[in-house]
Amino acid sequence: MGKELSSEVKQALQDIYYNERTGRGKEAFALLEKASAGGDGDASCVLARCLCGYQYVWSGHGFPEDDDRAAMLLHKSVEQGSALGVLVSMRTGELTPEMEQKMPFASLQEAFDQAEELARSGDAFCQYVVANSYFWWDFVRIQDRDMGSFPDQAAYKAYLKENISKCEDLFWKALRGGMYFAANNLNRYYTQGDEDIIAPRPEMAKDLWKIGAEYGHPLHQYIYAKDLEKAGRKEEALSWYKEAAEGGEPGVWCSVGRCYAQGIGTPKDEAYAARCYEKGIPTGDVTSHNLLGEAYFLGRGVEQDYEKAFRLLSYASGRGSKYGVFYLAKCCYNGWGTPRDYAAARQYLDRVDWNYWEADYLRGMIYGHGLGVAEDIPKAVGYLQKAGDHPEAKEELGRYRKTLFGKWVRR
């Protein structure tokens, strides 16, 4: 493209990266699709990033992940003459020698120079992309230099340090301009350094999440809230959890709900906690389903309702969560909110991989009475003994005795 971003790309960057909490991400996505189809290589480049998951775009937008389409769009952006597309393709491993031949630039340096000019114009996304070229050493390929280009290793390291360090100022400019991703790499730059070339300076990273939070980025508000809670600043933590949740950060209403359920930074209010969990249900958030399902199972903050509990917890379980499997087992065992199904109860109990007496008690009941499985008294006794001194387990264990030959049988 030319030496200025199109109005479509500028608007999309505002809505997708710089002011993500406005909720206009999907409109911006559609705008990029139209611009890309019209030949805008920068639009193709940004659109490709939108399809690459949370490491490249805010997950709160709910964009689909499609690596194949993203790669196609990056190739397209290179052929359409996007200097940003060249740099992003290089960073993601998509700029093969074959693709490099297709770009309308005389060299990688020419593409870099154009991207750097865009960065100097003040655009945060461009500053971030150029900073990454320094941060990840892509400048070595761009400048077509290696250790053999220098008289000795010391000179080569000096060259690397001079270039790598250029990322710092660019990342700060990008962060201040609205590109919250820049804080992630600044954090790594300060806390880890870079081999023996850039020394770590962890003290420089201590306020990064606070700065991002104050700029209004929901993800940084969430991270900062967690740090505040860990530091014991609970009221401040809750305030930032609320900011992040209201800004659309996925799953954070659960953190707000947890604070109200446990009285962290606020008086305990289980009813309000349940309402917070409810806000995460339309997004498909697994934790929201687990916590609201638990609330309905136990009747905490809501009227006890096993049918709702079973439905919510089943959703989470079907997506790999083990949080509510014991509740599901009890529902199936007792016929609460779902038809009684001992086989299903045992399957859920088999997923309880932590020590819990009642899970062992139910296993003992299932095997001792042949509920959905073949009767196995020795196995039942083993589970009941594992359940310990709880009255129910002791009472059931009392129904069995050991014969002279050491075999467990029913009395």
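The values are calculated or read from the model by the stated rules, or taken from the named source; none is laboratory data. Predicted, not measured: the structure shown is a model, and the values here were computed from it. Positions of Cβ are generated from backbone atoms using ideal geometry, with glycine treated the same way; all protein chains shown enter the neighbour counts. For accessibility, only protein heavy atoms count, side chains too; no ligands or nucleic acids. Shrake-Rupley method; radii C 1.70, N 1.55, O 1.52, S 1.80 Å.
Could you pull out the pairs from 161/230; 161/210; 3/173 whose alpha carbons sit more than 25 Å apart here?
On the way: 161/230 36 Å; 161/210 28 Å; 3/173 19 Å.
With Cα atoms farther than 25 Å apart: 161/230; 161/210.
Over the Cα atoms of the chain, what radius of gyration and what Dmax do you get, in Å?
Rg and Dmax of the chain, Cα atoms, are 28.7, 92 Å.
Size of the dipole of the range 335-377 about the Cα centre, Lys and Arg at +1 and Asp and Glu at -1 on the beta carbon, nothing else charged, in debye to 20? Please report the intermediate quantities before stating the final value.
Numbers: 4 positive and 7 negative charges, 28 e Å.
Approximately 140 debye in magnitude.
Counting heavy atoms of the protein chains only and a 1.4 Å probe, report the per residue accessible area for the chain as a whole number of Å².
For the chain, the per-residue accessible area is 48 Å².
Can you list, largest first and rounded to whole Å, the semi-axes you get for the range 201-311 by taking the square root of 5 times each eigenvalue of its Cα gyration tensor? If you can, show how the numbers build up before the last one.
Working: eigenvalues 169, 41, 19 Å².
In descending order the semi-axes read 29, 14, 10 Å.
How high is the relative contact order of the chain, in percent, with contacts defined as C-alpha pairs under 8 Å that are six or more residues apart?
Numbers: 664 pairs, mean separation 28.2, N = 411.
The normalised contact order for the chain reaches 7 percent.
How about the range 263-303: which GluC sites (Glu not before Pro) there lie in a loop by DSSP and see at most 11 other Cβ atoms within 10 Å? Each step should come with its number before you reach the end.
Working: sites: 270, 278, 294, 303; in loops: 303.
Here the sparse-neighbourhood loop sites are 303.
Using a 1.4 angstrom probe on heavy atoms only, work out the carbon and sulfur share of the accessible area of the chain in %. Please report the intermediate quantities before stating the final value.
On the way: 9340 of 19680 Å².
Carbon-and-sulfur percentage of accessible area, whole number: 47.
From the C-alpha coordinates alone, can you work out the Kirkwood hydrodynamic radius of the range 57-204, in Å?
Values: mean 1/r = 0.0612 Å⁻¹.
After inverting the pairwise mean of 1/r, the radius is 16.3 Å.
May I ask for log10 I(q)/I(0) of the range 294-411 at q = 0.15, 0.16 Å⁻¹, from a Debye sum over the Cα atoms as equal point scatterers with solvent left out?
Here log10 of I(q) over I(0) equals -0.68, -0.76.
Under 23 Å between C-alpha atoms is the cut-off here; go through the range 286-411 and count lysine pairs that meet it, provided they're at least eight residues apart or on different chains.
So the count works out to 15.
Give a quick list of trypsin sites (Lys or Arg not before Pro) in the range 247-305 that DSSP marks as loop, anything other than H, G, I, E or B, with at most 16 other Cβ atoms within 10 Å.
Numbers: sites: 258, 268, 275, 279, 300; in loops: 268, 300.
Filter output for the range 247-305: 268, 300.
Once phi is turned into θ = phi - 60°, what whole-Hz ³J(HN,Hα) does the Karplus curve with 6.51, -1.76 and 1.60 give for every residue of the range 241-248, x standing for Gly and Pro?
For the range 241-248, the Karplus curve yields 4, 5, 4, 5, 5, 5, x, x Hz.
Measure off 7 Å from each Cα along the Cα-to-Cβ vector at residue 55 and residue 300, then give the distance between these two points in nanometres to one decimal.
Here the answer is 3.6 nm between the modelled labels.
I'd like the accessible area for residue 121: 1.4 Å probe, protein heavy atoms, all chains in place, Å² to the nearest 10.
Ignoring ligands and nucleic acids, residue 121 comes out at about 90 Å².
Taking amide hydrogens as modeled 1.01 Å from N in the peptide plane, which residues meet the under 5 Å criterion relative to residue 400, leaving out close sequence neighbours?
The answer is 411.
For the range 1-69, which chymotrypsin sites (Phe, Trp or Tyr not before Pro) are in a loop by DSSP, counting at most 15 other Cβ atoms within 10 Å? Intermediate values should be presented prior to the final figure.
Values: sites: 17, 18, 29, 54, 56, 58; in loops: 54, 56, 58.
Sites meeting the loop and neighbour criteria: 54.
Which whole-Hz ³J(HN,Hα) couplings does the range 88-100 yield from phi under the Karplus relation 6.51 cos²θ - 1.76 cosθ + 1.60, θ = phi - 60°, glycine and proline marked x?
These are the phi-based 3J(HN,Hα) values: 5, 5, 4, 5, 8, x, 8, 8, 6, x, 5, 5, 4 Hz.
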